[in-house]
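Below is one structure, written out as structure tokens; the observations come after it.
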Amino acid sequence: MLPSILKKAVPSNLKLLSKVRWNGDRWRLNAADRVFLEDIVFPHFRNLSDVHTILDIGVDWYTRFYPRCFPDHDYWTIDIDPAKSRYAGAQHRTLSVTRLSTAFRARQFDLIFCNGVLGWGVDSYDDVTNTFAECASVLRPGGDLVVGWNDIPEHQI
């Protein structure tokens with residue numbers, strides 16, 4: 001009884017706090033994929049001696065600090081939505097992931113992060129196929145493509 005009363009009594013804008021987490025220096029999105037990416041994946045790649053140039057596909061408020069996670073790297077961001085550029089890194093292109101080769105050189109990147117894009121803009125089989133082909137065209141041989149997605153029914157391709 002008490003939990004249901006509390007849920008009704010808490011204003012809806014305060015419920016958002018359960019979706020974010022404070023991590024010492026900034027608010028972060030409290031989603032399992034983002035926690036894993038930020039706390040496990042980023043440190044792994046940040047310390048590899050052969051990773052210098054990074055492309056991060058898709059930006060939003062919760063990715064704003066990502067370029068600062070790689071201070072000694074050549075970090076690029078892209079997003080198809082021009083309004084999202086306010087969350088982007090200093091090196092940003094407004095661009096669809098299906099057109100990477102029009103803006104970047106072949107084999108330009110050592111590492112590409114593609115998290116939260118499949119099913120959230122890249123929605124068809126052809127778009128997914130083209131996305132992977134474009135990533136392969138700008139990724140150096142032996143480079144890494146990190147793909148993450150939200151495996152929820154409404155966004156399954």
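Which distance in nm do the two modelled labels at Ser137 and Phe36 give, with both placed 7 Å along the Cα-to-Cβ direction?
3.0 nm
What do you get for Rg/Rh of the stretch 27-148 when both radii come from the Cα atoms and Rh is the Kirkwood radius?
In the stretch 27-148, Rg relative to Rh is 0.92.
To the nearest 0.05, what FRET efficiency results for Leu145 and Trp61 with a Förster distance of 41 Å applied to their C-beta separation?
Details: r = 24 Å, r/R0 = 0.59.
Once rounded, the FRET efficiency stands at 0.95.
Quick note: the coordinates plus some simple rules give every number you see, no bench work behind them. Since the structure is predicted, the reported quantities are computational estimates derived from the model, not experimental observations. When we count neighbours, we look across all protein chains shown, and the Cβ atoms used for this are built from the backbone with ideal geometry, even at glycine.
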